[in-house]
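A.B. asks: Below you'll find the structure I mean.
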Amino acid sequence: MLSYVIKRMVMVIPVLFGVMLLTFIMNQVAAGDAAKIYWRMHAGNQSPTEAQLNEIREKMGLNDPLYMQFLRWTGEVARLKLGQTLYTKQPVIKELADRIPYTLALTGSAMAMAILIAVPLGILSASKPGSFLDGASRVFASSGISIPQFWLGLLLIYFLSFKLRLFPQLGSGTPAHLILPAITLAMGPAATLTRLIRANMLEVMTNDFVSTAYAKGLPNFKILFKHIFRPALIPVVTMIGLQFGFIFGGAVVVETIFSWPGVGKWAVDGIFNRDMPIIRAFVLVMGFLFVFANLIVDILYVWIDPRIRVVD
Amino acid sequence: MVRKSSAEKAPAPEKAGASKQKYRSRGPTSEALHRFFKQPLGIIGLSILFLEILIAVFAPFIVSSSPTDQQLTEKLQPPSFKHIMGTDNLGRDVFSRIIYGARNTLGGAMLALIILTLLGVLIGGLAGYVGGVVEQILMRMTDAMLSFPYLVLALGLAAAFSPSLLTVVVAVSVTWWGHYARIIRGMVMGIREAPYVEAAKALGVGNLRILRTHVFPNIIPPILVLSTLDLGLIVLAVAALSYLGLGIQPPSPEWGMMLNEARLFMFMAPHLMIIPGAMIFVTVLAANLLGDALRDAFDPRQRIRKII
């Protein structure tokens, strides 16, 4: 298994390279003339002459062929030199480091919540197909994947914060501040995972070894967990990796609604200010995070499914 | 009365004294459609979507007032007889904004869906059919795009251009086609290996004709199901980007953007927040129900028994 893990970790490198390449391309498409922006940052409102712009371009290496610019940028990223934000003139890396813990806390708790909701609900739903509980959880699942996150957030704020005064509305600071945003973010993945667990378990139940287990007289509980749930779990683990994508993306919207001081809100503000260093850093970081999340999921996957170890 | 079945149709099993009902074999597509129409939820989803499309197309005939007419004396009114859904902060009739908003939200999502399906089919089909270096390059590109989370690439691209509905449509299309391309490539690869394609090639049939007669007809049903399943997600993505302010700009109505405008007045006039969100919710729910029903109809069904 160790060899598989190492191989998988090595495979991450070309993917990270792809992430950087795409971010670079996006930057080339999106950003304006970097020389003009640099001038405006340092020289104020005077209009630059063409010669001065060219001088800046030489200094910044903008006249070099694109692949050289890309390699240079790669080197800068590796040394964590991500530049300065355009509007606050702060080092990007500092602002990023300040906000990432908040985003990680939010996305982590959202994923944990989603799993904690989906697993019991999915198992219960599969164990009694056609019952009221099953029907209710199916309704929950269908609604959960259909409801817009930004609407859910606003509804929760209105009913739980404003009307019932149970939770604070925005900002951060106490664990109570985390609850509403995490619930909002968790709803979609929770619903998707519930559906998947239920469907997979029902499928596993049609197998012969399940009937054998019942024939042997094993306790229901044990059959449910050891024989049905564990095989059903395997595609679910893969889906959890995919759901991380939705959680990271959804975090942007949720952070905006709840004024949660994470990377997402920072990025949205950056978009409106056309602050390209921020946007570049955001896309890069989210891409990296997603790749690592999937890496962990893949390693977990091997640990859960013993068959892969043997084949490798 | 019953017509005698001709020799070309599937022969009916002859049973002595059996009813004279003609047995006709259906093609797989027709079989699937037949199964689809037996599912109540799917039909409900289809009806809702169909209704919304009708509303969007015939908007001017449904509402008399314009969605952008401001009447500042009637700000923030709750639903009443005069304004069925109330008014917003600039005195505009919410009902007409919802009806016209359907055009932008639903229309934008459908446009994005069409574009990204075409892109996915083109690139995935090309990669799957041609193979070799072309396939490797295209698939690496696709994988790179897929390694970004859901909205992130769309956000980055939307930053490049000024906010508009087209920006959002393009951003969503560009980030989503990767999913399709991968699946379609797999399908096309499978078809490419099929005996009838081999036979056609041996006969000297040109590639273009093979694509037209063998490949495309076989990938259309699964693509339709995939598209419908994703319609809900696309609507959510378009609405989310518009909510963030990157889509169509005021005063044009769009459901996501209306939610954004409603946020400031949420506590004074909750109906402004509840109604557009509910519309998005219903639309996405209908799309998901429809997609689920279609998928169940097209996939071979599995008999599941109640065990415990």
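A.B. asks: Which of (1) within 12 Å of chain A (Cβ to nearest Cβ); (2) buried (at least 20 other Cβ atoms within 10 Å of the Cβ) does B:R295 not meet, given it meets every other one?
C.D. replies: Of (1) within 12 Å of chain A (Cβ to nearest Cβ); (2) buried (at least 20 other Cβ atoms within 10 Å of the Cβ), only one is false for B:R295: (2).
A.B. asks: Does B:T228 meet the test of being of a type in the set (S, T, Y), surrounded by 21 or more Cβ atoms within 10 Å (Cβ to Cβ) and more than 9 Å from chain A (Cβ to nearest Cβ)?
C.D. replies: Values: of a type in the set (S, T, Y): yes; surrounded by 21 or more Cβ atoms within 10 Å (Cβ to Cβ): yes; more than 9 Å from chain A (Cβ to nearest Cβ): yes.
Here the answer is yes, as B:T228 does meet what is asked.
A.B. asks: While we're on this one: Counting only residues that are free of Cβ contacts under 8 Å to residues at least 60 places away in the same chain and more than 11 Å from chain B (Cβ to nearest Cβ), which one in the stretch A:127-145 is nearest to the chain's Cα centre (by Cα)?
C.D. replies: Filtering first and then ranking leaves A:F140.
A.B. asks: Which of the residues belonging to the stretch A:206-240 are of a type outside the set (V, I, T), under 32 Å from the mean Cα position of the chain (by Cα) and within 11 Å of another protein chain (Cβ to nearest Cβ)?
C.D. replies: Step one: filter the stretch A:206-240 for residues of a type outside the set (V, I, T), giving A:207-209, A:211, A:213-222, A:224-227, A:229-233, A:235, A:239.
Narrowing further to those that are under 32 Å from the mean Cα position of the chain (by Cα): A:224-227, A:229-233, A:235, A:239.
The answer is A:L224, and nothing else.
A.B. asks: Let me ask you something else. Of the conditions (1) closer than 24 Å to B:L233 by Cα; (2) within 11 Å of chain B (Cβ to nearest Cβ); (3) touching a residue at least 24 places away in the same chain (Cβ under 8 Å), A:P148 satisfies every one except a single condition; which number is it?
C.D. replies: Evaluating A:P148 over (1) closer than 24 Å to B:L233 by Cα; (2) within 11 Å of chain B (Cβ to nearest Cβ); (3) touching a residue at least 24 places away in the same chain (Cβ under 8 Å) leaves (3) as the failure.
A.B. asks: Mind telling me which of the residues A:L21, A:L62, A:L71, A:L80 ends up being at pLDDT 75 or above, outside any helix (DSSP H, G or I) and not aromatic (F, W, Y)? First the steps, then the outcome.
C.D. replies: Numbers: A:L21 fails: outside any helix (DSSP H, G or I); A:L62 fails: at pLDDT 75 or above; A:L71 fails: outside any helix (DSSP H, G or I).
Selected residue: A:L80, the only one of A:L21, A:L62, A:L71, A:L80 that is at pLDDT 75 or above, outside any helix (DSSP H, G or I) and not aromatic (F, W, Y).
A.B. asks: Sticking with this structure for a sec: Identify, by number, the condition in (1) surrounded by 13 or more Cβ atoms within 10 Å (Cβ to Cβ); (2) among the hydrophobic types (A, V, I, L, M, F, W, C); (3) closer than 21 Å to A:G249 by Cβ that A:W73 doesn't meet.
C.D. replies: (3)
A.B. asks: When the stretch A:153-201 is examined, which residues are found to be among the small types (G, A, S), closer than 17 Å to A:G264 by Cα and more than 14 Å from every other protein chain (Cβ to nearest Cβ)? Don't jump to the end; show me each part of the working.
C.D. replies: First, pick out the residues of the stretch A:153-201 that are among the small types (G, A, S): A:153, A:161, A:171-173, A:176, A:182, A:186, A:188, A:190-191, A:199.
Cutting the leftovers down to closer than 17 Å to A:G264 by Cα gives us A:153, A:171-172, A:182, A:186.
Scanning the stretch A:153-201 gives A:G171, A:S172, A:A182, A:A186.
Quick grid of which residues meet (1) in contact (Cβ under 8 Å) with a residue 60 or more places away in the chain; (2) farther than 30 Å from B:A181 by Cβ:
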| site | (1), (2) |
| --- | --- |
| B:L54 | no, yes |
| B:S64 | no, yes |
| B:S80 | no, yes |
| B:V94 | yes, yes |
| B:L119 | yes, no |
| B:G124 | yes, no |
| B:Y129 | yes, no |
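Results for (1) within 18 Å of B:L146 (Cα to Cα); (2) surrounded by 22 or more Cβ atoms within 10 Å (Cβ to Cβ), shown as yes or no for each residue.
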| site | (1), (2) |
| --- | --- |
| A:R198 | no, yes |
| A:E203 | no, no |
| A:F229 | no, no |
| A:G249 | yes, yes |
| A:V253 | no, yes |
| A:G264 | no, yes |
| A:W303 | no, no |
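A.B. asks: Moving on. Collect the residues in the stretch A:97-114 that are of a type outside the set (S, T, N, Q) and out of contact with any Leu (no Cβ under 7 Å at 6 or more places or on another chain), keeping them in residue-number order.
C.D. replies: Going residue by residue through the stretch A:97-114, those that are of a type outside the set (S, T, N, Q) are A:97-102, A:104-106, A:108, A:110-114.
Scanning the stretch A:97-114 gives A:A97, A:D98, A:R99, A:I100, A:P101, A:Y102, A:L104, A:G108, A:M111, A:A112, A:M113.
A.B. asks: Hey, another quick one. Using beta carbons and a limit of 8 Å, which pairs, at least six apart or on different chains, have the first residue in the stretch A:69-87 and over 15 Å from A:I278 (Cβ atoms) and the second one in a loop (DSSP other than H, G, I, E, B)?
C.D. replies: Short answer, once both residue conditions are applied: A:Q69/A:G61; A:Q69/A:L62; A:R72/A:G61; A:R72/A:D64; A:E76/A:L82; A:E76/A:G83.
A.B. asks: Assess whether A:G270 counts as being crowded, with 24+ Cβ neighbours inside 10 Å, touching a Phe, Trp or Tyr at 6+ places or on another chain (Cβ under 8 Å), within 11 Å of another protein chain (Cβ to nearest Cβ) and of a type outside the set (A, V, I, L, M).
C.D. replies: Details: crowded, with 24+ Cβ neighbours inside 10 Å: yes; touching a Phe, Trp or Tyr at 6+ places or on another chain (Cβ under 8 Å): yes; within 11 Å of another protein chain (Cβ to nearest Cβ): yes; of a type outside the set (A, V, I, L, M): yes.
So A:G270 fits the description; yes.
A.B. asks: Also, I was wondering about something else. Just one of (1) in a helix (DSSP H, G or I); (2) within 19 Å of B:I280 (Cβ to Cβ) trips up B:I84, so point out which.
C.D. replies: Exception for B:I84: condition (1).
A.B. asks: Report, by residue number, each residue of the stretch B:135-180 that is in contact (Cβ under 8 Å) with a residue 24 or more places away in the chain and aromatic (F, W, Y).
C.D. replies: B:F148, B:Y150, B:W176, B:W177, B:Y180
A.B. asks: Six or more apart or on different chains, Cβ atoms under 6 Å: show the pairs whose first residue is in the stretch B:245-257 and away from every other protein chain (no Cβ under 13 Å) and more than 15 Å from B:L90 (Cα to Cα) and whose second is of a type in the set (D, E) and surrounded by 22 or more Cβ atoms within 10 Å (Cβ to Cβ).
C.D. replies: Correct list of pairs: B:I248/B:E254.
A.B. asks: Residue by residue through the stretch B:138-171, note down the ones that are assigned to a helix (DSSP H, G or I), farther than 22 Å from B:I220 by Cβ and away from chain A (no Cβ under 12 Å).
C.D. replies: Once the filter is applied, which keeps residues that are assigned to a helix (DSSP H, G or I), farther than 22 Å from B:I220 by Cβ and away from chain A (no Cβ under 12 Å), the stretch B:138-171 yields B:L165, B:L166, B:V168, B:V169.
A.B. asks: Go through the stretch B:44-102 and report how many residues are of a type in the set (V, I, T) and surrounded by fewer than 16 Cβ atoms within 10 Å (Cβ to Cβ). Talk me through it step by step, then tell me what you get.
C.D. replies: Step one: filter the stretch B:44-102 for residues of a type in the set (V, I, T), giving B:44, B:48, B:53, B:55, B:57, B:62-63, B:68, B:73, B:84, B:87, B:94, B:98-99.
Still in the running and surrounded by fewer than 16 Cβ atoms within 10 Å (Cβ to Cβ): B:44, B:53, B:57, B:62, B:68, B:73, B:84.
Going through the stretch B:44-102 one residue at a time, the tally reaches 7.
A.B. asks: Any idea which of (1) away from chain B (no Cβ under 14 Å); (2) in contact with a helix residue (DSSP H, G or I) (Cβ under 9 Å, 6 or more places away or on another chain); (3) more than 26 Å from B:G277 (Cβ to Cβ) is the one A:L124 doesn't satisfy?
C.D. replies: (1)
The values are calculated or read from the model by the stated rules, or taken from the named source; none is laboratory data. Being a predicted model, the structure only gives us computed values, none of them experimental. Positions of Cβ are backbone-derived with ideal geometry, glycine not excepted, and every protein chain shown enters the neighbour counts.
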